[in-house]
Amino acid sequence: MIPVAEARARILAACRPLPAETVALTDALGRVLAEPVTARLTQPPFAAAMMDGWAVRSADLASATPASPVALARAGEASAGHGFGGTLAPGHAVRIFTGAPLPDGADAVVMQEDCTADATTVRVPVSPRPGKFVRPAGLDFQEGEAVLPAGRRLTSRDVALTAAANVPWLRVHRRPRVAVLATGDEVRLPGEPLGPGQIVSSNAFGLCALVATQGGIASNLGVARDTAESLAGLAAAAEGFDLLATAGGASKGDYDHVRTVLGGGALDFDGVAMKPGKAVLFGRFGTGRLLGLPGNPVSGAVCAVLFLKPALQALQGMAPDTRRHVARLAAPLPACDSRADFVRATLAHTDAGEPVVTPFPKQDTAMTSRLARADALIVREPRSPPAEPGDRVDIIPLAEGCLNL
């Protein structure tokens with residue numbers, strides 16, 4: 001067995017970014033940029049009023065005070081989409097509305113609430129500095145500026161920024177195509193009648209959902225029986241996919257055929273020093289990759305978070321996530337053996353905002369209800385000593401996907 005970090009490194013090394021394709025901005029949410037987004041205009045393209053008021057020349061109002069307001073002649077109006085069209089002369093003011101272009105000659109805006117006006121004159125009781133309540137041209141970004149980097153997964157905020165930059169088409173990495181194949185004579189699909197000793201398949205559905213949250217396209221190939229012929233027959237449909245993820249059959253039992261039938265004797269690794277898990281293998285399958293995951297539902301899900309998720313990110317050109325997340329422990333944990341342990345837990349925050357993580361008292365790897373309630377995995381390195389409440393521990397948050405705001 002190899003360490004978790006080494007297994008992840010080998011997977012990332014084998015998962016090179018997929019080729020780029022062009023998509024419309026309307027289809028860009030959750031996609032990963034293959035090229036930076038470069039602004040095609042300056043934003044804002046002109047100096048604009050930040051609020052409703054009067055566009056003025058600050059020099060005209062140098063002596064203005066509440067006790068002695070300065071009277072300016074009304075010269076016209078500027079509204080959003082409709083500029084003044086002339087140059088503001090000394091001693092004049094233009095009625096202006098939020099977002100309207102600042103007239104030539106004006107250098108400040110006075111709030112309408114501060115002024116009194118009639119049909120011909122506006123009286124201003126304040127002396128604004130140049131630039132007051134003016135949004136200068138290019139405040140947000142300049143034409144030709146890279147506003148988003150390559151390798152970024154696009155959020156709704158990024159889509160809005162790209163639209164503001166006047167970019168209607170984007171170059172993004174192709175979405176990974178993942179075939180998911182469950183194994184086991186005892187496994188039946190949800191809704192099917194269950195005979196003696198049979199269980200409902202949950203692994204494949206969870207894996208397909210995880211693929212979707214990470215921007216991939218999943219195809220569920222069904223459930224292979226515990227024979228080499230059944231496994232090979234169903235796996236043949238995965239030819240041409242970027243990755244084949246199997247659930248079960250990756251151990252060394254008499255009915256485990258993933259290694260021998262699909263691995264073809266050319267596996268990169270077979271077995272990882274971790275729990276839940278251990279029965280994880282990785283190699284090539286045809287022109288794609290093979291990731292064999294444990295059949296136990298919680299073990300398979302934890303291994304998918306640790307290995308399938310980063311593989312999908314790498315295939316889409318994303319850099320490895322090296323962020324460290326730390327929380328205070330709320331309950332004691334025993335010492336670890338020679339394998340890394342990934343403890344399911346809930347995550348909360350104190351009134352001061354400090355994260356606090358509480359491990360479930362039962363860590364049975366068949367308890368999918370606990371896994372669904374978990375907010376984080378507590379990371380315990382091999383041979384870690386006992387941990388006590390208040391200790392700081394590393395965690396892996398479980399609430400991230402491609403549909404983040």
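Looking only at the stretch 35-73, filter to residues that are of a type in the set (Ser, Thr, Tyr) and not in a loop (DSSP other than H, G, I, E, B); which one of those is surrounded by the fewest Cβ atoms within 10 Å (Cβ to Cβ)?
Among residues in the stretch 35-73 that are of a type in the set (Ser, Thr, Tyr) and not in a loop (DSSP other than H, G, I, E, B), the one surrounded by the fewest Cβ atoms within 10 Å (Cβ to Cβ) is Thr38.
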So which residues in the stretch 15-34 are over 10 Å from Trp169 (Cα atoms) and either of a type in the set (Val, Ile, Thr) or surrounded by 15 or more Cβ atoms within 10 Å (Cβ to Cβ) (or both), if there are any at all? Cys15, Pro17, Leu18, Ala20, Leu29, Gly30, Arg31, Val32, Leu33, Ala34
Failed condition for Ala39, given (1) more than 30 Å from Pro19 (Cα to Cα); (2) among the small types (Gly, Ala, Ser); (3) in contact (Cβ under 8 Å) with a residue 60 or more places away in the chain, with all others met? (1)
Answer yes or no: is there a residue in the stretch 257-273 that is among the charged types (D, E, K, R) and either within 30 Å of Thr26 (Cβ to Cβ) or in a loop (DSSP other than H, G, I, E, B) (or both). no
Sort out which residues of the stretch 170-208 are in contact with a Lys or Arg (Cβ under 9 Å, 6 or more places away or on another chain), without any contact (Cβ under 8 Å) to a residue 60 or more places away in the chain and among the small types (Gly, Ala, Ser), and write them in order of number. Gly195, Ser201
Take the residues in the stretch 193-230 that are within 34 Å of the chain's Cα centre (by Cα) and in a loop (DSSP other than H, G, I, E, B); name whichever of them is farthest from Ala314 (Cα to Cα). Ser201
Of the conditions (1) out of contact with any Cys (no Cβ under 9 Å at 6 or more places or on another chain); (2) surrounded by 23 or more Cβ atoms within 10 Å (Cβ to Cβ); (3) more than 24 Å from Ala348 (Cα to Cα); (4) not aliphatic (A, V, I, L, M), the single one that Cys303 does not satisfy is (3)
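Looking at Thr22, Thr26, can you tell me which residue is part of a helix (DSSP H, G or I), at pLDDT 95 or above and farther than 30 Å from Ala273 by Cβ? Quick ask: steps written out before the conclusion?
Details: Thr22 fails: part of a helix (DSSP H, G or I).
Only one candidate qualifies: Thr26.
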If Glu229 satisfies all but one of (1) at pLDDT 90 or above; (2) surrounded by fewer than 19 Cβ atoms within 10 Å (Cβ to Cβ); (3) in contact with a strand residue (DSSP E or B) (Cβ under 9 Å, 6 or more places away or on another chain), what's the number of the condition it fails? (3)
Strands (runs of 3 or more DSSP E) completely within the stretch 93-188 that count 1 or more residues being within 21 Å of Phe46 (Cα to Cα): 108-111, 146-148
Looking at the stretch 209-237, I want the residues that are in the same structural domain as Phe285 (by TED's automatic domain parsing) and within 20 Å of Asp27 (Cβ to Cβ) and have a partner that is of a type in the set (Val, Ile, Thr) and assigned to a helix (DSSP H, G or I) with Cβ atoms under 6 Å, at least 6 apart or on another chain. Which pairs are those? Ala218/Val211
May I ask you to verify whether Ala301 is more than 26 Å from Gln363 (Cα to Cα), aliphatic (A, V, I, L, M) and in the same structural domain as Ala204 (by TED's automatic domain parsing)? no
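Just to verify a result, which residue in the stretch 233-264, among those that are at pLDDT below 90 and over 14 Å from Leu291 (Cα atoms), is surrounded by the fewest Cβ atoms within 10 Å (Cβ to Cβ)? Before the answer, list the steps.
Taking the stretch 233-264 and keeping what is at pLDDT below 90, we get 248-264.
Those still in the list that are over 14 Å from Leu291 (Cα atoms) too: 252-256.
Working: Lys252: 10, Gly253: 10, Asp254: 6, Tyr255: 14, Asp256: 20.
That would be Asp254.
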What pairs come up if the first residue lies in the stretch 262-281 and is within 21 Å of Val302 (Cβ to Cβ), the second is assigned to a strand (DSSP E or B) and not aliphatic (A, V, I, L, M), and their beta carbons are under 6 Å apart, counting only those six or more places apart or on different chains? Leu267/Gly283; Asp268/Phe282; Asp268/Gly283; Phe269/Phe282; Lys275/Asp341; Leu281/Asp270; Leu281/Gly292
Entirely in the stretch 334-405, the strands (runs of 3 or more DSSP E) that have 1 or more residues that are of a type in the set (Lys, Arg) and either assigned by TED's automatic domain parsing to the domain that holds Val280 or touching a Lys or Arg at 6+ places or on another chain (Cβ under 8 Å) (or both): 340-349, 392-397
Qualifying residue in the stretch 304-316 (condition: under 23 Å from Ala372 (Cβ atoms), in contact with a Leu (Cβ under 6 Å, 6 or more places away or on another chain) and free of Cβ contacts under 8 Å to residues at least 60 places away in the same chain): no
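The values are calculated or read from the model by the stated rules, or taken from the named source; none is laboratory data. Just so you know, these numbers come straight off a predicted model, no measurement behind them. We place every Cβ from the backbone using ideal geometry, glycine too, and count neighbours over all the protein chains shown.
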